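The values are calculated or read from the model by the stated rules, or taken from the named source; none is laboratory data. Not measured: the values here are computed from a predicted model. Note that each Cβ is placed from the backbone with ideal geometry, even for glycine, and that neighbours are counted across all protein chains shown. We work out accessible area using only protein heavy atoms, side chains counted, and drop any ligands, DNA or RNA first. Shrake-Rupley method; radii C 1.70, N 1.55, O 1.52, S 1.80 Å.
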Amino acid sequence: MADTRSLHTFRDLVTLDRLDDLTFLGLTPAYPWGRVYGGQVVAQALAAAAATVPEEHSVHSLHAYFVLGGVPEEPIAFHVDRLREGRSFTTRRVVARQAAGAILNLDASFQRSEPDVDIQQTAIADDVPTPDSIARLEWTPFGDIREIAQTTPGARSQLWARISPERGELGDDPLLHACALAYLSDHNPMDAIMLSHPSGLNWQQMMMASLDHNIWFHRPVRADAWMLMDMQGHGLVNARGIATGAVHGIDGVHVATIAQEGLVRSVRRDGRQA
């Protein structure tokens with residue numbers, strides 16, 4: 001069994017053991033649902049990719065496919081492939097593996113800073129409740145989540161999220177904050193997708209799984225401060241649904257955009273697919 005006693009802070013979670021120039025090893029805390037949380041593998045894979053990139057290049061996007069559910073008791077090996085070394089853009093591919101095989105494939109692109117026009121065309125709605133007015137949701141060891149109750153019908157999921165203050169200071173490293181956003185970003189896209197289904201968030205009658213996950217990082221983010229993750233579902237076809245949404249800091253700055261596709265199947269009373 002992997003020794004997870006050292007995973008006290010979020011920084012510990014994404015500080016990987018480097019086995020060689022392009023191979024890293026990560027550990028997993030216990031989750032109540034018995035599988036590795038997808039956002040954790042995305043965050044660790046991003047950390048592995050970034051460890052092979054020049055410091056002057058920062059992540060601007062990642063695109064990940066969830067291949068198999070991870071086993072919490074096993075370490076995860078992250079194998080990095082240097083796809084491109086460019087002056088403006090650097091590209092990496094990461095395959096996360098356990099004994100059963102690959103569990104995640106991630107491509108990440110990094111860009112050298114290019115100051116230019118900065119135009120924002122999204123905003124937080126005036127009627128969104130503040131995070132301090134919402135009860136905390138007991139979820140993962142590292143996330144402080146406040147889910148916003150939806151008062152109108154529709155496939156929408158909104159929440160405030162940040163890395164738990166009791167899980168250590170994140171400091172000022174932009175990569176650590178990007179990894180933290182990636183970790184938190186897998187919480188509510190599937191909720192928005194499932195709300196497109198007539199059964200809604202009926203976990204007993206539904207079989208669901210995240211298929212892929214995408215993040216575009218627009219502006220610097222503080223993941224130890226509140227971020228609003230506002231996800232909208234866009235319907236279902238072939239047992240697949242998609243949700244997209246914006247991430248805003250509590251100051252209203254649009255810091256990232258998320259898109260996720262998920263599998264949603266109805267399940268019969270005997271537990272088989274309907």
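Couple of notes before you dig in:
- The one condition in (1) in a loop (DSSP other than H, G, I, E, B); (2) in contact with a Leu (Cβ under 6 Å, 6 or more places away or on another chain) that His248 fails to fulfil: (1)
- Subset of the range 57-77 [within 18 Å of Ala178 (Cα to Cα) and not polar (S, T, N, Q)]: His57, Val59, His60, Leu62, His63, Ala64
- Pairs with Cβ under 6 Å, 6+ apart, first in the range 4-33 and over 19 Å from Ala102 (Cα atoms), second open to solvent by 40 Å² or more (accessible area, probe 1.4 Å) and outside any loop (DSSP other than H, G, I, E, B): Ser6/Asp12; Thr9/Arg167; Phe10/Arg167
- Residues that are open to solvent by 70 Å² or more (accessible area, probe 1.4 Å) and more than 19 Å from Leu83 (Cβ to Cβ), drawn from the range 14-54: Thr15, Asp17, Arg18, Leu19, Ala30, Pro32, Trp33, Arg35
- Subset of the range 145-167 [crowded, with 18+ Cβ neighbours inside 10 Å, more than 13 Å from Leu228 (Cβ to Cβ) and charged (D, E, K, R)]: Arg167
- Count - residues of the range 94-116 that are in contact (Cβ under 8 Å) with a residue 24 or more places away in the chain, within 18 Å of Ser58 (Cβ to Cβ) and surrounded by fewer than 19 Cβ atoms within 10 Å (Cβ to Cβ): 5
- Verdict on Asp224 being modelled with pLDDT of 95 or more, touching a Gly at 6+ places or on another chain (Cβ under 6 Å), on the phi < 0 side of the Ramachandran plot and open to solvent by 30 Å² or more (accessible area, probe 1.4 Å): no
- Among the residues of this structure, Asp107 counts as one that is part of a strand (DSSP E or B) and within 21 Å of Leu181 (Cα to Cα).
- All positions within the range 172-187 that are open to solvent by 30 Å² or more (accessible area, probe 1.4 Å) and assigned to a loop (DSSP other than H, G, I, E, B): Asp172, Asp173
- Residue ID - nearest to Gly235 (Cα to Cα), chosen from residues in the range 203-212 that are open to solvent by 40 Å² or more (accessible area, probe 1.4 Å) and of a type in the set (S, T, N, Q): Gln205
- Among (1) in a helix (DSSP H, G or I); (2) open to solvent by less than 90 Å² (accessible area, probe 1.4 Å), the one test that Arg11 misses: (2)
- Residue in the range 62-70 that is hydroxyl-bearing (Ser, Thr, Tyr), open to solvent by less than 20 Å² (accessible area, probe 1.4 Å) and either modelled with pLDDT of 95 or more or under 20 Å from Asn105 (Cβ atoms) (or both) present: no
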